[in-house]
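Each remark here refers to the structure printed beneath this line.
The values are calculated or read from the model by the stated rules, or taken from the named source; none is laboratory data. Everything quoted here is computed from the prediction, not taken from an experiment. Heads up, the Cβs are rebuilt from the backbone with ideal geometry, glycines too, and the neighbour counts pull from every protein chain shown. For accessibility, only protein heavy atoms count, side chains too; no ligands or nucleic acids. Shrake-Rupley method; radii C 1.70, N 1.55, O 1.52, S 1.80 Å.
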Amino acid sequence: MDLEHQQLLAPIYQFLKCETPEAWIEEAIKPERLSALLVDHANCELKAAQSAALLIRRYAIDKESGATLLSWLKPYEDFVYRQEGDGIFSAKKNALIGSLKTKDLKPETQDLLDKMVRLIKEELHHFEQVLEIMQARDIPYEQLSAARYAKGLIKHVRTYEPAAAVDKLIIGAFIEARSCERFAKLAPYLDAELEKFYISLLRSEARHYQDYLKLAATISADGLEQRIAFFAEQEALLMTSEDDQFRFHSGVPTSVVA
């Protein structure tokens, strides 16, 4: 890892309470895990776009714009969940910025929309990149159950606003930060194509986690330190506890199943 990427990753390591356990890396780099790794990576990219879309629909845009946003995601969801389509997607996502209208004139609402739309575009592009790599290697897009990771964080979201929004944004920051950290950890062990690809993802993932935190700071009346510390503990528990399922965000492997 060169100096530029080391500097990029330094805040990530400070933000996360623990690094990825070596046992997970040892499992992830096994040749027989490549298919599950790439499929779940693609799933994670789509889920990241969906999560950002949920935030936009809940907090930033009106019903009509919400329907437009869902239509942009639909071809990807059809491909993954309903096995419809050939995996070749149009450039419609490139029209996202400027096509959605905020439901009010608050600067923080526009900021949420702008940052999350950019994130959606990038995550969908990453999804397409993973899919291209899979297709080139004749790796089928098989159905995989979700990891416990996101649910294990989301269950701690507070039930009243704006606290719920703050928690969702902090969780988004942790998911992006952990993804960035795992890309960096895995890259040196992968073949040249995947190493280059994973390194190329670091900058956007690092920016995504920062964007989530900036958005959370704009709507939190009490500061973020306490909730960040809380979710850091929960996230670290998920990473360091035993997990019988191998996924991109799974914990320490035990008797791993597919």
| note | Per the helix-only model, the chain has a calculated mean residue ellipticity at 222 nm (DSSP H runs of ≥4, -39500 (n - 2.57) each, divided over all residues, rounded to the nearest 500) of -22000 deg cm²/dmol
| note | Mean accessible area per residue over the chain (1.4 angstrom probe, all protein chains present, square angstrom) is 48 Å²
| Ranking by accessible area, most exposed first, for 76, 160 with a 1.4 Å probe | 160, 76
| note | Summing +1 per Lys or Arg and -1 per Asp or Glu among the other residues with Cβ less than 14 Å from residue 181's Cβ gives 0
| query | When the Kirkwood radius is taken over all Cα pairs of the stretch 197-237, what Stokes-Einstein diffusion coefficient follows at 4 °C and 1.567 mPa s, in µm²/s? | reply | 110 µm²/s
| Quick one: how many Å² of residue 77 are accessible to a 1.4 Å probe, rounded to 10? | 40 Å²
| said: Greater than 30 Å separation of Cα atoms is the criterion. Which listed pairs, 103/155; 115/151; 47/185; 103/196; 17/151, meet it? | reply: 103/196
| remark: Taking 214-223, 182-191 and ranking on average Cβ neighbours within 10 Å, highest first, one gets 182-191, 214-223
| field | For the stretch 141-188 versus the stretch 218-258, the gap between their alpha-carbon centres in whole angstrom | value | 8 Å
